[in-house]
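Here's the structure we're looking at; comments come further down.
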Amino acid sequence: MQEQHPLPFLREILLFLSLAGILIPTLQRLRINQVLGFLAVGTLFGPFGLGRMAQDVWWLGLFTFPNNDNVAMLAELGVLFLMFMIGLELSAARLWAMRRWVFGAGSAQVVLCALLLGGAVWTILGQSMETALVLGLVLSLSSTAVVMQLLGERQATGTPLGQAAFAVLMLQDLAVVPILILIGALGGHAAGDGGEVNVPMVALLAMGKAALAIALIYLIGGRVIHPLFRAFARHRQPDVFMALILLSTFGIAGLSSMAGLSMALGALIAGLLLAETEFKHEVELMVEPFKGLLMGLFFMTVGMGMDPLQIVQAPLWLACAVILLVLIKAVVIAPVLRIGGLSWGRAVEGALLLGQGGEFAFIVIGYAIGYKLLEPGLGGRVMLAVGLSLFLTPLLARIGKGIGERAERQAREQETRDAQWELEDARGRVIIAGFGRVGQQLAKLLASQHIPYVAFENDAKLVSKLHAEGVPVYFGNAARPELLRRVHADQAPAIVLTMDHPSSALQAVRGIRREFPEARLFARSRDEKHARALKLAGASVVVPETLEASLQLSAFVLESMGLDERMVDDIVDRERDQFAQALTAPGGAS
């Protein structure tokens with residue numbers, strides 16, 4: 001009888017830590033997506049990779065995972081912590097702030113993709129209604145880990161596309177809860193009498209029971225966790241805090257299992273509970289050092305379950321499956337994002353970015369195989385197709401970015417062509433150069449007095465937004481003589497420079513005065529030194545921000561001291577006149 005090792009899976013744990021310790025910094029240095037790196041390493045060192053040869057080459061057994069059962073426990077831990085960290089991100093306040101995108105675009109994407117993908121599984125593969133439902137739902141989800149990392153690398157998480165993609169992914173993460181419940185219900189029913197399954201009724205009853213169980217767990221967990229953290233957190237001991245996090249995660253996962261739900265769902269609830277407390281950010285800081293490691297653990301074990309030989313055995317099936325998956329999701333997601341407010345170019349970019357399968361597919365398909373809702377061979381091929389779609393995502397994202405940028409460039413060029421015709425009618429208007437806060441305030445006052453104006457601004461996004469609202473603002477640099485000639489600057493009653501950058505304003509004054517010596521040129525300056533430079537360059541009137549702010553403040557103070565309003569106006573006007581005279585004096589402003 002073989003002697004039991006006092007610490008089971010020690011070799012697997014040491015091997016994983018060694019691979020992770022080498023892999024994480026290497027991937028960061030090479031700028032390779034960590035998720036894909038862990039998937040590839042798991043596949044290479046797993047039982048379907050080099051692990052196949054471990055029995056014939058003894059030393060390979062030291063550096064590979066020849067038996068997938070030995071890492072099953074590690075995989076379960078990876079799943080639990082992945083779900084916990086996702087729950088921590090899904091705070092109610094964040095969901096509510098993005099509710100239109102989350103519950104509108106996100107719900108539409110999941111439902112439509114599930115219907116089309118499930119229909120394809122049912123008709124093309126000839127699978128049962130239950131199998132089609134499970135695969136349709138799970139394949140409608142995308143990879144939060146891969147997409148958010150790609151957006152982070154290109155610093156696009158704060159862009160409209162980044163926010164839209166994040167909102168859709170949030171809804172997908174929430175959708176895992178009913179999917180896991182549905183699989184448990186269908187699996188339990190199939191294990192019971194094995195008769196005809198009324199899917200809608202089974203789903204409805206399961207959702208009702210699960211909702212009650214989740215509500216009780218949430219209520220009990222909230223009543224226990226919050227006071228527990230509040231009682232022990234004041235000691236400010238990191239080890240105690242970490243113990244509470246682990247206790248919450250495993251405790252609620254255990255409660256969930258006792259209620260007939262999955263432990264993964266319990267870990268998600270634990271994250272949601274902590275996301276609603278004042279300890280959320282402290283928990284995030286505690287978990288952050290382990291986040292990459294735990295994510296790596298999960299994706300490495302996923303890679304170990306992928307059999308590359310299936311690519312050789314069924315290359316056409318897998319290629320068609322990946323293409324169909326990306327194509328169906330892209331066809332659904334692009335219109336959804338366009339209706340949500342993105343341009344067509346960015347909507348197509350987002351569709352390709354979200355076109356892959358998600359990491360939850362590996363969790364849910366594993367449960368479905370365990371409940372005998374999915375044949376293991378089909379489940380393995382679907383997981384491989386999802387894995388291949390993940391590997392394709394960086395390429396798809398790059399193609400999508402190119403499409404988005406080209407579409408935006410063409411739209412700007414078209415707007416410029418349209419603007420050229422509109423600018424021909426700008427004769428006799430006040431010209432505003434720079435349409436930030438000062439320029440917009442001036443435009444508002446001119447419009448209130450029915451005085452026509454035309455404005456120029458270098459911020460293309462601001463111009464597109466305001467021009468679409470009917471504001472006569474155009475993209476361009478007012479220092480360019482050909483642009484000013486197009487709007488007949490020689491006939492403009494006034495040219496007003498409100499740029500934020502001092503050097504841009506100075507360059508514009510010199511260019512305008514050189515081309516249009518008779519123009520009435522008003523300029524905003526940053527301070528007195530800048531005001532003098534603008535005046536010497538040829539500005540007719542210069543208004544320094546600091547001077548006007550101090551004069552207005554002084555006027556309010558003098559009036560509060562009891563001085564007559566007319567006397568205060570005289571004092572302020574006198575100071576303003578003295579400053580104007582000082583600008584033209586040889587000594588400059590004092």
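Out of the residues in the stretch 304-336 that are of a type in the set (A, V, I, L, M, F, W, C) and not in a helix (DSSP H, G or I), state the one that is modelled with the highest pLDDT.
Ala314
Being outside any helix (DSSP H, G or I) and surrounded by 15 or more Cβ atoms within 10 Å (Cβ to Cβ) is the requirement here; does Leu268 meet it?
When the stated conditions are applied, Leu268 does not pass them.
So, in the stretch 315-366, exactly how many residues are polar (S, T, N, Q) and more than 13 Å from Leu384 (Cα to Cα)?
Looking only at that region, the number is 1.
Would you confirm whether any residue within the stretch 133-144 is more than 21 Å from Leu396 (Cα to Cα), in contact with a Leu (Cβ under 6 Å, 6 or more places away or on another chain), assigned by TED's automatic domain parsing to the domain that holds Glu375 and surrounded by fewer than 23 Cβ atoms within 10 Å (Cβ to Cβ)?
Checked the stretch 133-144: at least one residue is more than 21 Å from Leu396 (Cα to Cα), in contact with a Leu (Cβ under 6 Å, 6 or more places away or on another chain), assigned by TED's automatic domain parsing to the domain that holds Glu375 and surrounded by fewer than 23 Cβ atoms within 10 Å (Cβ to Cβ).
Among the residues of the stretch 423-442, is any in a helix (DSSP H, G or I) and at pLDDT below 80?
Scanning the stretch 423-442, I find at least one residue that is in a helix (DSSP H, G or I) and at pLDDT below 80, so the answer is yes.
From the set of residues in the stretch 109-129 that are small (Gly, Ala, Ser) and touching a residue at least 24 places away in the same chain (Cβ under 8 Å), which is surrounded by the fewest Cβ atoms within 10 Å (Cβ to Cβ)?
Ala120
What residue, among those in the stretch 457-482 that are in contact with a helix residue (DSSP H, G or I) (Cβ under 7 Å, 6 or more places away or on another chain) and of a type in the set (A, V, I, L, M, F, W, C), is surrounded by the fewest Cβ atoms within 10 Å (Cβ to Cβ)?
Ala460
Name the residue, out of Leu141, Leu95, Leu82, that is hydrophobic (A, V, I, L, M, F, W, C), closer than 25 Å to Ser256 by Cα and at pLDDT 80 or above.
One residue alone meets the criteria, Leu141.
With the condition being touching a Ser or Thr at 6+ places or on another chain (Cβ under 7 Å), I'd like the helices (runs of 4 or more DSSP H) fully within the stretch 86-174 carrying at least 1 qualifying residues.
Passing ranges, in order: 107-124, 144-153.
Need the failing condition index for Val35 against (1) under 30 Å from Leu171 (Cα atoms); (2) at pLDDT 80 or above, just the number.
Among (1) under 30 Å from Leu171 (Cα atoms); (2) at pLDDT 80 or above, Val35 violates only (2).
Look through the stretch 307-329, keep the residues that are surrounded by fewer than 20 Cβ atoms within 10 Å (Cβ to Cβ) and among the small types (Gly, Ala, Ser), and return whichever of them is nearest to the chain's Cα centre (by Cα).
Ala319
State yes or no: is Leu23 over 30 Å from Ser257 (Cα atoms) and modelled with pLDDT of 75 or more?
Here the answer is no, as Leu23 does not meet what is asked.
Evaluate the following for Ser464: is it among the hydroxyl-bearing types (Ser, Thr, Tyr) and closer than 23 Å to Pro544 by Cβ?
no
Of all residues in the stretch 335-376, count the ones that are more than 23 Å from the chain's Cα centre (by Cα) and either within 18 Å of Met129 (Cα to Cα) or among the basic types (Lys, Arg) (or both).
So the count comes out to 12.
Kindly provide the set of residues from the stretch 475-493 that are touching a residue at least 24 places away in the same chain (Cβ under 8 Å) and touching a Phe, Trp or Tyr at 6+ places or on another chain (Cβ under 6 Å), ordered by number.
Selection gives Ala478, Ala489, Asp490.
The values are calculated or read from the model by the stated rules, or taken from the named source; none is laboratory data. Since we're looking at a predicted model, the values are computed, not measured. Virtual Cβ from ideal backbone geometry, glycine too; neighbours counted across all protein chains shown.
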